[in-house]
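Everything on this sheet refers to the single structure shown next.
Derivation of every value follows stated rules applied to the coordinates shown; laboratory data play no part. From a predicted model like this one, the values you see are computed outputs, not experimental measurements. Glycine also receives a Cβ, built like all others from the backbone with ideal geometry; neighbour counts cover every protein chain displayed.
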Amino acid sequence: MKRGGRSAAVRRLAPFMAALALMGFAAPVAARDLVVMSFNVRYPNPDDGPDVWEKRQGATIAAIRKAAPDIMGTQELFQRQGDAIVAALPQYRWFGTDRRGGHADEHMGVFYRQDRFELVEQGQFWLSDTPEVVGSITWGQPLPRMVTWGLFAVRRGKDKGRRFYLVNTHFPYREADTAARTKAAQLVARWIDARPAPIPVILTGDFNTGPDSAAHARLTQSLTDTWTAAPGRRGPAPGYHGFAPVPAEARIDWVLERGMRVVGVHSPHARYGGHYPSDHYPMVARLAWPASPSPASPGALAPAGAASARAARDGRAAPRWRTGQSAAICAGYLTPPSASGRDATVP
């Protein structure tokens, strides 16, 4: 073919290919896996010496950039940390209130790729006997503990319209809190079990207990532990290492899922500029979508029949702290996002 002949041929075929696309003969778009990260970022403690937030902020941002999660559940996040992350990585937005219902304390902040997902609904509840009460504390805990959750829909591509829940939490940490962690797991499991079965659910968090615990056993009755289910793993066990180049004390940071397929997992452990991003090794899981799309109708938010039946057998009602049922935690859920990259959740 003479020079320029190939490009001329392509130009002549362009109108024909466009017509085929309009008639529905466009080349199929490959499905994308979902990359999920769970990351205890360590709150900005001024007593952290060489590892204070100001010195490791760049390392935290670099670790997230390298992991490139589509969605991320964080623990111990303060507002200024979340805002710094989205300022450096503007492809993300984040949302969540702090554990006392404001923005001055630790958040279970959820970050997501705004170009890939629409945040359909969001909310939170507290790990206590009164989960709908903001900042509530029971079970002998010294601090309020909570869950931040979001319902997401894929914006474009082959998976457009698929929905999933991301649920993010941080369990109590003391040895004396074993019973509280078990009750927290029961509460979270009830909430997840009440979500419609066809919609995948992903649970991220720092659970402050290992996979041999009662809390893990309860959660994995209906969820899969991606670390153990993955065909291969890279990196140390995700958990606390205290800014030292040592293995984690225990695998306490988990990504659990329902309705997806685990492709792979790893635990990033690199230092950047001599600093670890946090005193925890985070966890990253790559998940594949189920064969059938999840329902996209608003009515899909009603409790699943199986969960309601199970609750009836146990002599209790299905969880009531969901969208539209508690003004105390629903105010402002769908308010416009702020210019800082943080989605407003409370007035």
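Distance between the 7 Å Cα→Cβ label points at Asp47 and Ala87: 2.7 nm. Cβ-to-Cβ counts within 10 Å put Ser213, Ser278 in ascending order as Ser213, Ser278, the fewest first.
Remark: the Arg271-Ala288 segment gains 3.2 nm on full extension, using 0.36 nm per residue and subtracting the alpha carbon distance.
Residues with beta-carbon under 14 Å from that of Asp206, excluding Asp206: net charge, scoring Lys, Arg +1 and Asp, Glu -1? Local charge sum for Asp206: 0.
Annotation: the residues Glu249, Glu132, Glu76, sorted from fewest to most other C-beta atoms within 10 Å of their own C-beta, follow the order Glu249, Glu132, Glu76. When Rg and the Kirkwood Rh are both derived from Cα coordinates, the Rg/Rh ratio for the range 43-181 amounts to 1.00.
Couplings for the range 243-254, taken from phi via the Karplus curve 6.51 cos²θ - 1.76 cosθ + 1.60 with θ = phi - 60°, read 6, 10, x, 10, x, 4, 4, 6, 7, 10, 9, 10 Hz in order; Gly and Pro are left as x.
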